[in-house]
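What follows is one structure encoded as structure tokens, with my remarks underneath.
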Amino acid sequence: MRRNAAAPPLPRFSPAIALLLSAVMLAGCTGSDDGELQSAIEDVTEDPMFAGGGWGILAVDIETGETVYELNSTVPFVPGSIQKSFTTAAALDLLGENSVVTTPVYATGSVVEGALKGDLVLAGRGDFSFGLRDLSDGTLEITSFDHNEANSGLLPVELNSGDPLSALRSLAGDLRDSGVTSVSGNVYVDNQYFNTMNEWPDDRIDSIWLNENVVDLEFTPRTVGDTPTMRVVPDLDVLRVINNVEVIEGDQVDIDVSMVDMTVTASGTIGIDSDVSVRNTRVSDPVAFTAAAFVEVLEDEGITVLGDSGEYPAGRETSSAGEPLAEWTSAPLSEFARVVQKISYNRGADLLACLIAVSEGSRDCVDGVTAVLSVAGDVGSSEAAIKLFDPAGSIDENRTSAQAHVDFLIGALDKTWGDTFVDLQPISGVDGSLTSLGEGTDAVGKIHAKTGTRILGYPTTQQLLYLARAYSGYITTVDDRELAFTVIFNSTTVDDIPGVFAINDRVADIVLALQEHG
């Protein structure tokens, strides 16, 4: 993967010295002679907004192994999404950074004079982009604020520029070019590559994905008292979309979108002075949705389907149908991992664990988490210091320590995929969840780090429980020292969303202090 020109690459170092992190450290110790780093960090940790909370901080010079700063580094904390680093690294390690996902289309009968005498079967293999994010240069597109976060309403969502049906169109075009003109049987989707996962909090994980298994609705207010104009993505005839949204005065947006079978309903209000707004709903049945969409695309390509669409019968292996008639090949696995890290894509991390499980000979996605933890231990963490309940860091029983993460970060640099792993991280002032960090300062491009956030509603006071805010990754300091670091804060209450942003900014000040004074 090519590095962003605005973000100089961090060099690769041997972790031999730095793995001595198990040595005794003093709480709050710092390698800064003049105390500027100590003072800058204490200015944050002693801020009254963090009263009653706890901190786990560790920053280590990668080359020398010197502890630059340490505070409660062995104490377990709720980490949030920095746990994704374990998952993406395990994917690079076990699946291979250059591996691809191939989605085949099989026939259960023979093609005679253009007529397929049997069924057509699209076999899901766990490609979450499946054309949506795929760019011509072989990379996957990342937008400024991803459609998977549309319903948070915090920031304006930018929909992906690609056609979410492009993979289906490519497959249908290949079938047409091979001479297929009709299908006498049914069009099926085989969803059996791994067992559908419903036990993690970020919704179901299937083998088949189309538009990342959401329906996006983009609303533009025009006239008060009327309905806003609405764009549907993907635009399918099979979808029935009901627009019950009303344009009102002001700039507030309160829209709910739901889906039952193939009917999508939007209700609520949008202010006339608001920007274009995106909301979405998870697809209620990804198999039926994709199968119906494939029929529609096939017919657009001139292939007549005489049968129905639906799920391939359980227990029947599509591989027994022989060679595929057409195939869609994904971007490299490293690109999937990059999307997960850059935008903190929860369901993408979950999917990677399912693919890891398959690579380990299991169809149970939980076995993928077991493998992720094993890789973390192999890379350099103490497995006993990590409590991993899900691949995305979405379960609040997850625990890790700053030391466990820093040990892991340093060990990763000695792996064949180490440089790629650094590249996956959001980059300060450049992209992903660090786009605004250090903007306009010398810190731009100097911090490669995953963020983590856990916020819960607090019903007894109507406040928000800010359970966790974390950063974990690599820093090039002002003095060109290369640091591995982790900063974790747990927890406090805030009154509103501006309070959330204030917490974010202050925790980020510690990261910036490490970059400036470390």
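The values are calculated or read from the model by the stated rules, or taken from the named source; none is laboratory data. Owing to the predicted nature of the structure, the values given are computational and were not obtained by experimental measurement. Neighbour counts run over all protein chains shown; Cβ positions are idealised from the backbone, glycine included.
Give, as residue ranges, the helices (runs of 4 or more DSSP H) completely inside the range 308-381 that count at least 3 residues that are over 24 Å from SER166 (Cα atoms) and touching a residue at least 60 places away in the same chain (Cβ under 8 Å).
Answer list for the range 308-381: 346-359, 365-379.
If the requirement is being crowded, with 22+ Cβ neighbours inside 10 Å and closer than 28 Å to GLY302 by Cβ, which of these qualifies: SER166, SER136, SER184, SER129?
SER129
Need pairs with beta-carbon distance below 7 Å; first residue assigned by TED's automatic domain parsing to the domain that holds ASN213 and within the range 292-303, second among the basic types (Lys, Arg) and assigned to a helix (DSSP H, G or I); sequence gap 6+ or separate chains.
VAL297/ARG169; GLU301/ARG176; GLY302/ARG176; ILE303/ARG176
Name the residue that is nearest to ASP202 (Cα to Cα), counting only residues in the range 60-90 that are touching an Asp or Glu at 6+ places or on another chain (Cβ under 9 Å) and among the acidic types (Asp, Glu). Write out each step before concluding.
To start, the set of residues in the range 60-90 that are touching an Asp or Glu at 6+ places or on another chain (Cβ under 9 Å) comprises 60-63, 67-68, 78, 80, 83, 87.
From what is left, the residues that are among the acidic types (Asp, Glu) are 61, 63.
On the way: ASP61: 36, GLU63: 39 Å.
Here the residue is ASP61.
Return the residues of the range 258-279 that are in contact (Cβ under 8 Å) with a residue 60 or more places away in the chain and either more than 25 Å from the chain's Cα centre (by Cα) or not in a strand (DSSP E or B) (or both); say none if nothing qualifies.
ASP275, VAL276
Assess whether ARG282 counts as being within 30 Å of ILE82 (Cβ to Cβ), assigned by TED's automatic domain parsing to the domain that holds ASP235, touching a residue at least 12 places away in the same chain (Cβ under 8 Å) and basic (Lys, Arg).
The answer is yes for ARG282.
Scan LEU175, LEU155, LEU122, LEU116 and give me the residue that is closer than 24 Å to TYR345 by Cβ, in contact with a helix residue (DSSP H, G or I) (Cβ under 9 Å, 6 or more places away or on another chain) and either in contact (Cβ under 8 Å) with a residue 60 or more places away in the chain or crowded, with 16+ Cβ neighbours inside 10 Å (or both).
LEU122
Of the conditions (1) farther than 20 Å from GLN341 by Cβ; (2) without any contact (Cβ under 8 Å) to a residue 60 or more places away in the chain; (3) within 24 Å of the chain's Cα centre (by Cα), LEU434 satisfies every one except a single condition; which number is it?
Unmet condition: (1).
Does THR451 satisfy the condition of being among the β-branched types (Val, Ile, Thr) and either assigned to a loop (DSSP other than H, G, I, E, B) or buried (at least 23 other Cβ atoms within 10 Å of the Cβ) (or both)?
yes
Sort out which residues of the range 32-78 are aliphatic (A, V, I, L, M) and assigned to a loop (DSSP other than H, G, I, E, B), and write them in order of number. Steps first, please.
Here is the first cut: in the range 32-78, the residues aliphatic (A, V, I, L, M) are 37, 40-41, 44, 49, 51, 57-60, 62, 68, 71, 75, 78.
Of everything in the range 32-78, those that are aliphatic (A, V, I, L, M) and assigned to a loop (DSSP other than H, G, I, E, B) turn out to be ALA51, ILE62, VAL75, VAL78.
Would you mind listing the strands (runs of 3 or more DSSP E) fully within the range 150-257 where at least 3 residues are hydrophobic (A, V, I, L, M, F, W, C)?
Hits in the range 150-257: 214-220, 229-233, 240-248.
When residues of the range 448-498 are filtered for being of a type in the set (Val, Ile, Thr) and either modelled with pLDDT under 95 or over 17 Å from ALA513 (Cβ atoms) (or both), how many remain?
Here the count works out to 8.
Take the range 324-352 and flag every residue that is of a type in the set (A, V, I, L, M) and over 21 Å from ASP423 (Cβ atoms).
LEU325, ALA326
Matching residues to (1) out of contact with any Asp or Glu (no Cβ under 9 Å at 6 or more places or on another chain); (2) at pLDDT 95 or above; (3) among the hydrophobic types (A, V, I, L, M, F, W, C):
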| residue | (1), (2), (3) |
| --- | --- |
| ALA291 | no, yes, yes |
| TRP328 | no, yes, yes |
| VAL340 | yes, yes, yes |
| ASP364 | yes, yes, no |
| GLY368 | no, yes, no |
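Determine whether LEU351 is in the same structural domain as THR453 (by TED's automatic domain parsing), farther than 20 Å from LEU413 by Cα and in contact with a Phe, Trp or Tyr (Cβ under 6 Å, 6 or more places away or on another chain).
Values: in the same structural domain as THR453 (by TED's automatic domain parsing): yes; farther than 20 Å from LEU413 by Cα: yes; in contact with a Phe, Trp or Tyr (Cβ under 6 Å, 6 or more places away or on another chain): yes.
When the stated conditions are applied, LEU351 passes them.
Working only within the range 45-82, note down all residues that are within 23 Å of ARG481 (Cα to Cα) and aliphatic (A, V, I, L, M).
Selection gives ILE57, LEU58, ALA59, VAL60, ILE62, VAL68, LEU71, ILE82.
If you check VAL224 against the conditions, is it crowded, with 20+ Cβ neighbours inside 10 Å and in contact (Cβ under 8 Å) with a residue 40 or more places away in the chain? Steps first, answer last, please.
Details: crowded, with 20+ Cβ neighbours inside 10 Å: no; in contact (Cβ under 8 Å) with a residue 40 or more places away in the chain: yes.
Taking the combined requirement at face value, the residue does not satisfy it.
Collect the residues in the range 132-149 that are part of a loop (DSSP other than H, G, I, E, B) and either over 19 Å from VAL278 (Cβ atoms) or in contact with a Cys (Cβ under 6 Å, 6 or more places away or on another chain) (or both), keeping them in residue-number order.
Passing the criteria: LEU135, SER136, ASP137, GLY138, THR139.
Here is a list of conditions, (1) in contact with a helix residue (DSSP H, G or I) (Cβ under 6 Å, 6 or more places away or on another chain); (2) farther than 23 Å from ALA167 by Cα, and THR227 meets all of them except one; can you say which number that is?
Every condition holds for THR227 apart from (1).
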